[in-house]
Amino acid sequence: MDDSRRTFIKQVVGFTAGCATGNDLRDIAYAAGSSKALAETDKSEWYQRPMRWAQLAFVEDDPGNYDLSFWLDYFRRIHADAACLSAGGVVAFYPTEIPLHYRSRWLGKMDTFGDIVGGCRKLGMNVIARTDAHACHQDVRDAHPDWIAVDEYGNKRRHPSDSQYWITCALGPYNLTFMTSVHQEIMQKYMVDGIFTNRWSGSGMCYCEHCTESFHEFSGLDLPRTDDPQNPARRQYIVWNQTRLFDLWRLWNEKIKEINPKASYIANAGGGSLSPLDMKTIGELAPTLFADRQGRSGLMAPWANGKNAKEYRATMGQKAIGGIFSVGIEDKYRWKDSVQSANEIHLWVADGMAQGLRPWFTKFNAKLIDRRWLPVVEEIYNWHHANESYLRNERSLARVGLVYSQQTAAFYGGRRAQALVEDPALGFYQALIEARIPFDMVHDRLLDHDQISQFRTLIFPNIAALSTAQCQQIRAFVERGGSVVATYETSLYDEWGVRREDFGLASLFGASFSGTVQGPMLNSYLSIEKNPVSGTYHPLVAGLEDATRIINATNQVATTPQSRNAYTPLQIIPSYPDLPMEAVFPPQIKEHNPGVFVRESGKSRVVYFPGDVDRTFWEVLDVDHAKLLQNAVLWATNEPAPAKVEGQGLLDISVWVQKSSMTVHLVNLTNPMMMKGPIREIIPIANQRVRIRIPDGQRVKGARLLVSGRPTMCRAEADEILIDIPSIGVHEVVAVDFSA
Ligand SMILES: [Zn+2]
């Protein structure tokens, strides 16, 4: 290509480091020990180095029965540069000297863990030890009955899957004392780079003597027997549980660092709005993190892996995140020895990589039963290795941020958090994917200027529980020229899930809460309205002009406009009978009842939907709702996207900058098994035209397609380059090289 002489001048918004403050939610749960800021990484540490992880989760009879040299050869062939290997906890795979630390009955005089650690080190790999803390054997229960978790009826809990094991209490002496000494012993013997614990944070509520006493000391209350977050004891429990778990995390980290200052404790933790441990604190504590979403099950779109990546990145910044994927079928029936469809593995991993995860395969049982997954992982990893410099992302160029809120899920959603909090986010996520809009996710406790300056538009999918300080941060974002799209009960509750008199963001929405929430509503609509002054339709309803009316959401907040005369592009047609058919016609509309509030002030634009359009979209998947959500984001954002892709099919798109290049990932989700895997075959999509905006001051040296390897037809237009891609299988990456 012939672009090297051109200089393009564009503004790139920097991703600056900083630590968020300003949340009214008391920081008792989140008193951070370390406060390493987002995006700051120490180059002398090992955590950023590994790009491809290999995990062998041993089963008890692996020692002496598995082929060590096969695995070391495989790790070498696939260019794995780090390994996570089972060491101890439930079962020790090394000659432990700690009383009650159960050794594998197959271990004999061997050191299975030590042997494979040595082999991996010879390959130049980083090695972390895996422990599992959730279960123990009968002798532990006999010696220390108080180490066992207790159910609400006072019974010690046997393991539901295997009755020879007992479930341990996460916050009693089993973890605090026994597992601490296990971690110290592993570190002393092997000086590994870190310790990663599976199932360390408890298996549901525990009513043991230690938990009862600790909780009483913390709150003056008895442990709750309800999951209602408005119950005072339950609310305190949510805070206490996190406080103690983060204490445990810090304890293990401290004890490990006393022995090996270059190592860390890395918990298996994290996730989206429904995950229990505060992601902001995790982002501060963890030098690196591993997103444990091994595959999809039930009705789940393949973009769920990318969503997981974005949720982790929201608080981890540019710290390395491993994306743990299983080669087996992930299902409630838990076929741990199964092997998944090759195409399904490929698509799942590709979507994670596109959104910034470093691949990490996990294999339970080191004895190979079904070998079909081996070439699949080999192909993915070899491609990854060959293109590594284009996968060491420095920042994402997404200009749209989808906010998620654990406090909304915990204190407002409670037992209905999936429906009230996660489903609206899933609806918006799907709508943004369909609209081919590149976007990131944003944690609601990181809304200060430095964290969100990258974004032009923030989306609040029913982020109901927001503190006064968070509302102020959102208003400040808009005052700086940012745009907001919000739905339903956003800001109607405080950070503890207590309903306010009015929206915390009423002035931003131009709407006040008028006292009721309606739904679920049958047969309600939104009429499409022209602006009476200009006689034109608003861009929010572009493509819907001929509809006259479209279906409404199924739940809505009753609102009063702050300005009586404001034009609204959508009017609510209230629910009317759906039977008998003779009665199915709407009543005369007497009241001005906006179905959406749109406001412009300077550069910023605000769209507020009183209805749960996003949640309804996830339930019904109506095309008009997709259009409405898409139009809202496009109108609010009001600038060309960093990358725009024209063509047919469903694509997940991300845009990244590396040291001296940028990339646009295109993951082809077009498949009959998109909403429920596993996929059978890849259906390639044809003729995609990619427009990429070139960042400020960069000179383009050339562009390539990293998957097909095809030379690209590339031409420059103003501040963009255009690339036509004839066909995309699972994944394509457009890589644009910059001249120095
Ligand atoms: Zn307990």
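The values are calculated or read from the model by the stated rules, or taken from the named source; none is laboratory data. Computed from a predicted structure; not experimentally measured. So basically every Cβ, Gly included, is an ideal-geometry build from the backbone, and we count neighbours across all protein chains shown. Note: accessible area is taken over every heavy atom of the protein model, side chains too, but ligands, DNA and RNA are not part of it. Shrake-Rupley method; radii C 1.70, N 1.55, O 1.52, S 1.80 Å.
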| field | Helix axis angle, 209-219 relative to the chain longest principal axis, alpha carbon, degrees | value | 40
| message | Is the C-alpha gyration tensor of the stretch 567-618 telling us rounded, prolate or oblate? Criteria: a/c under 1.5 is rounded; beyond that, a/b larger than b/c is prolate, otherwise oblate. | response | oblate
| Difference of contour (0.36 nm per residue) and Cα-Cα distance, N260 to K367 | 35.3 nm
| said: Whole-Hz ³J(HN,Hα) for each residue in the stretch 80-97, computed from phi via Karplus 6.51 cos²θ - 1.76 cosθ + 1.60 with θ = phi - 60°, x for glycine and proline: what do you get? | reply: 5, 10, 7, 9, 10, 10, 6, 10, x, x, 4, 9, 8, 10, 9, x, 6, 10
| V596 accessible area, assembled protein chains, probe 1.4 Å, Å² | 0
| Classify the stretch 476-539: rounded, prolate or oblate, from the alpha-carbon gyration tensor (a ≥ b ≥ c, eigenvalue square roots; a/c under 1.5 rounded; otherwise prolate if a/b is larger than b/c)? | oblate
| 0 to 90° range, to nearest 10: angle between helix 468-479 axis and the chain longest Cα axis | 60
| query | Along each of its three principal axes, how wide is the spread of alpha-carbon positions in the stretch 584-740, in whole angstrom units, largest first? | reply | 64, 47, 23
| query | Using mean Cβ contacts within 10 Å as the protection proxy, how do 463-469, 393-399, 672-678, 655-661 order, highest first? | reply | 463-469, 393-399, 655-661, 672-678
| Is the stretch 132-196 best put as rounded, prolate or oblate by its Cα gyration tensor, with a ≥ b ≥ c the root eigenvalues, rounded for a/c under 1.5, and otherwise prolate when a/b is larger than b/c, oblate when not? | prolate
| note | Counting only protein heavy atoms with a 1.4 Å probe and every protein chain in place, the carbon and sulfur fraction of the accessible surface of the stretch 366-426 in whole percent equals 50
| task | Take every Cα pair under 8 Å in the chain that's 6+ residues apart, average their separations, divide by the length, and report that relative contact order as a whole percent. | result | 15
| task | Grab the Cα-Cα distance for A542 and Q164, subtract it from 0.36 nm times how many residues apart they are, and report the gain in nm with one decimal. | result | 129.8 nm
| In the stretch 167-237, the trypsin sites (Lys or Arg not before Pro) that fall in loop regions by DSSP, at most 14 other Cβ within 10 Å | R225
| field | Order of exposure, largest accessible area first, which applies to E311, E717 with probe 1.4 Å | value | E717, E311
| remark: Taking 0.36 nm per residue of separation between D331 and R225 and subtracting their Cα-Cα distance, the length gained on full extension comes to 35.2 nm
| query | With labels modelled as points extended 7 Å from the Cα through the Cβ direction, what inter-label distance (nm, one decimal) is found for K156 paired with T670? | reply | 6.0
| said: For the chain, take the longest principal axis of its alpha carbons; what is the angle in degrees between that and the long axis of helix 68-77, to the nearest 10 within 0 to 90? | reply: 40
| Which order do T131, T548 take when ranked by solvent-accessible area (1.4 Å probe, heavy atoms of all protein chains), largest first? | T548, T131
| Size of the chain as Cα extents on the principal axes (Å, biggest first) | 87, 69, 49
| said: Give me the one-decimal nm value for the distance between modelled label points at R49 and T212, 7 Å along each residue's Cα-to-Cβ direction. | reply: 5.0
| field | Residue-normalised accessible area of the chain, given per residue in Å² at a 1.4 Å probe | value | 39
| said: At 1.4 Å probe size, put E254, E344 in order of accessible surface, largest to smallest. | reply: E254, E344
